[in-house]
Amino acid sequence: MQSSLLEILACPKCTSEARLALHTSVGSDETGDINDGTLVCTDCGQEYTIRNGIPRFISQDQDYCGNFGFQWQKWKEIQIDRLSGHHLSETRFFNDTQWDRDWMKDRLILDAGCGAGRFTDIALSAGAQVVAVDLSDAIDACHDTTAIHGNRIQCIQASLFELPFKKSVFDGIYCIGVIQHTPDPEAVISGLPKFARAGGKISYNFYEEGLWRRLQAPKYLLRLITPHLPIGLTLNLSKFLVATLFWLTSLLAPIRKVRILNHFIPICAVHDPALTRDQQYIWTLLDTFDWYGARFEKRQHHERVAELLKLAELEDVRSVPGLARGTIPRD
Ligand SMILES: C[S@@+](CC[C@H](N)C(=O)[O-])C[C@H]1O[C@@H](n2cnc3c(N)ncnc32)[C@H](O)[C@@H]1O
Ligand SMILES: [Zn+2]
């Protein structure tokens, strides 16, 4: 963590945007990075640990995301374009956010629910300063995968329900593939805009309610049990399903009118030709574990997400299935 982060941090327990003071700073290196220390609220006195260069604002009872911490540490490189030799994350990022690459240069951007840093790395590559937040240990994976970007990346372990920021600080906020995995997606949708400044942009990507749930009936039957299993069992089940069914989804994927059948097969098949067959296998295993391990999967209607953004007084609100975005008014 860089001490400059203190300019935008506030105690998440206090409503008064109380300042945080850096009390101890052991292991601050020649780049000014603080590896270990404590942040103390000047108002309520609450202490927050800095460990491995990451300020930690979580309590044990908030972490319903052990599965995500596990998966993003285990498979932290496969979805990072720069580390795995593809452009899939870049294509998806600009499609999902609809942001202009040139607009991003030098902007302060919040990645809300960063996982292993797949999209953090894209935003950094576009020249942005990024603050990446995740509730789970995935934040340590993101810290590793994006370290090459130096002091343009700051990682924070915190919940989107209790973010440690002052209001109106970010030029842009994106939240990709996260809200459906929280206990209260609508609270996240309505809560994030206050952290963006006038003219700032917000983009959400989420699982859309509707056809997919019916197509993926076998997945949802299994999900009646899997979120309650220990992580090791869910991993073994995912490995078994992928080992048994990957050949079948690979066979169907290239055939245009037939490939829809893959949705009935209970693995999250990824057969993008930009990936090698080994990469397709690992990505399929990762996404299958993601399907079965997530404690919450609350699909959204994009019209409702757009309505919530309008209620939060955003302008220029647009939505299509799975995506919604808007802009904070200038006055
Ligand atoms: C499916 S992953 C997506 C990660 C990343 N955005 C991506 O697309 O690769 C969902 C992430 O949301 C995080 N998450 C879930 N609830 C959260 C919360 N309340 N606050 C912060 N992060 C949360 C999980 O830990 C997990 O890393
Ligand atoms: Zn406080």
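The values are calculated or read from the model by the stated rules, or taken from the named source; none is laboratory data. Quick caveat, the model's predicted, so the values are computed rather than measured. Using ideal geometry, Cβ is built from the backbone for each residue, glycine included, and neighbour counts are taken over all protein chains shown.
The sole residue among THR249, THR234, THR276, THR244 that is among the polar types (S, T, N, Q) and under 25 Å from LEU135 (Cβ atoms) is THR234. As a summary of the residue check, VAL317 satisfies the conditions (1) in a helix (DSSP H, G or I); (2) of a type in the set (A, V, I, L, M); (3) free of Cβ contacts under 8 Å to residues at least 40 places away in the same chain; (4) under 30 Å from ILE189 (Cβ atoms) except for the one numbered (1). Being more than 24 Å from ALA126 (Cβ to Cβ), outside any helix (DSSP H, G or I) and at pLDDT 95 or above holds for only one residue in SER159, SER203, SER190, SER168, and it is SER159. Restricting LEU241, LEU261 to those that are within 17 Å of LEU286 (Cα to Cα) and over 24 Å from the mean Cα position of the chain (by Cα) reduces the list to LEU241. Got at least one residue in region 63-79 being over 30 Å from ASP278 (Cβ atoms) and within 16 Å of ligand 2 (Cβ to nearest atom)? No: region 63-79 contains no residue that is over 30 Å from ASP278 (Cβ atoms) and within 16 Å of ligand 2 (Cβ to nearest atom).
So that you can scan it fast, the table gives a plain yes or no per residue for (1) among the charged types (D, E, K, R); (2) assigned to a helix (DSSP H, G or I); (3) at pLDDT 95 or above; (4) more than 12 Å from the chain's Cα centre (by Cα):
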{"residue": "TYR64", "(1), (2), (3), (4)": "no, no, no, yes"}
{"residue": "GLY69", "(1), (2), (3), (4)": "no, yes, yes, no"}
{"residue": "SER89", "(1), (2), (3), (4)": "no, yes, yes, yes"}
{"residue": "LEU110", "(1), (2), (3), (4)": "no, no, yes, no"}
{"residue": "ALA123", "(1), (2), (3), (4)": "no, yes, yes, yes"}
{"residue": "GLY127", "(1), (2), (3), (4)": "no, no, yes, yes"}
{"residue": "ILE139", "(1), (2), (3), (4)": "no, yes, yes, no"}
{"residue": "GLN154", "(1), (2), (3), (4)": "no, no, yes, yes"}
{"residue": "GLY172", "(1), (2), (3), (4)": "no, no, yes, yes"}
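In the set (1) more than 12 Å from ligand 1 (Cβ to nearest atom); (2) at pLDDT below 90, LEU5 fails one condition alone, (2).
Scan region 246-259 and tell me whether some residue there is in contact with a Phe, Trp or Tyr (Cβ under 7 Å, 6 or more places away or on another chain), at pLDDT 95 or above and not acidic (Asp, Glu). Within region 246-259, one or more residues are in contact with a Phe, Trp or Tyr (Cβ under 7 Å, 6 or more places away or on another chain), at pLDDT 95 or above and not acidic (Asp, Glu). State all residues of region 264-273 that are farther than 15 Å from LEU286 by Cα and surrounded by 11 or more Cβ atoms within 10 Å (Cβ to Cβ); if no residue qualifies, say none. PHE264, ILE265 - these are the residues of region 264-273 that are farther than 15 Å from LEU286 by Cα and surrounded by 11 or more Cβ atoms within 10 Å (Cβ to Cβ).
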